[in-house]
Amino acid sequence: MRDGQVAIAATLLRGPDHRPADLFAGDTAAVLRGLRVHANTISHARLRALEATFPRTRDHLGAAEFNRVSRAFVDVGGAQGRPLALIGATFPGWLADPLAADLARAEWAWLESYHAADAAALTLADLAGLDEAALLGLAVRRHPAVRVVALSRPAAPLLDPGLARDVRALLVARPDAEVRLLAITAADVAALDMASEMSPLGNLIAHLAEMHPEGGAAVAALIAAGAFERV
């Protein structure tokens, strides 16, 4: 079965002249009709998957324009070799409209966060009872569901009406079952980057204190958002 699927995929990619002689029954005209139907079915499924993955991007561009750029993306092979759930991975980079690209990157980050590995998020309650030395030495790392999205345009309110137009970075987090979008600062982004590997909480507080009046409060806000894994 798998060999047949590989042969069909190769035929669709390289053309009917490259099909194995025993792959299909019937004359060449019948084979071409079958391949055309199969290709159209796959193309339609990919277009529907892109619509489902990027609904806000589609709303921004309009149905007709979104369909046009989606078809172009599929036609040049942007979805080639990917399962339907993953065909949108490079789609944001295909979009010429900067605002649409921001929306698409945020929507893809949301999907990645939703499907990320489960892990218990560090909570403020976990810090209760720790003395100063234990608190500053507590090892933390970024939660596997966390994504950071830089925005070049005022896309945030189109993703969440509660976000301001001047937001330039978003935290995508999933501390429980629900994916959340939160506005963050450049200092927060740097702190999350530091925590991509295990890092003492004190280091993050000291780093944020350089940019915030209260480094501890900034870290507390990230913890409350579910940005760190409990390890």
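The values are calculated or read from the model by the stated rules, or taken from the named source; none is laboratory data. Computed from a prediction, not measured in an experiment: that's the story for all the values here. Note that each Cβ is placed from the backbone with ideal geometry, even for glycine, and that neighbours are counted across all protein chains shown.
Values as computed for the structure displayed
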| quantity | calculated |
| --- | --- |
| Of all residues making up the range 95-148, the number that are of a type in the set (S, T, N, Q) and at pLDDT below 95 | 1 |
| Within the range 46-62, tally of residues that are part of a helix (DSSP H, G or I) and over 25 Å from Y114 (Cα atoms) | 0 |
| Close pairs from the range 215-228: first in the same structural domain as V172 (by TED's automatic domain parsing) and among the acidic types (D, E), partner assigned to a helix (DSSP H, G or I) and buried (at least 18 other Cβ atoms within 10 Å of the Cβ), Cβ under 9 Å, at least 6 apart | none |
| Filter result (in contact (Cβ under 8 Å) with a residue 40 or more places away in the chain and within 16 Å of A186 (Cα to Cα)) within the range 155-171 | L170, L171 |
| Residues being in contact with a Phe, Trp or Tyr (Cβ under 9 Å, 6 or more places away or on another chain) and outside any helix (DSSP H, G or I) - total across the range 69-86 | 3 |
| Test result for L95, of a type outside the set (D, E) and within 24 Å of L47 (Cβ to Cβ) | yes |
| Single match in A134, A89, A106 (criterion: surrounded by fewer than 17 Cβ atoms within 10 Å (Cβ to Cβ), of a type in the set (G, A, S) and in a helix (DSSP H, G or I)) | A134 |
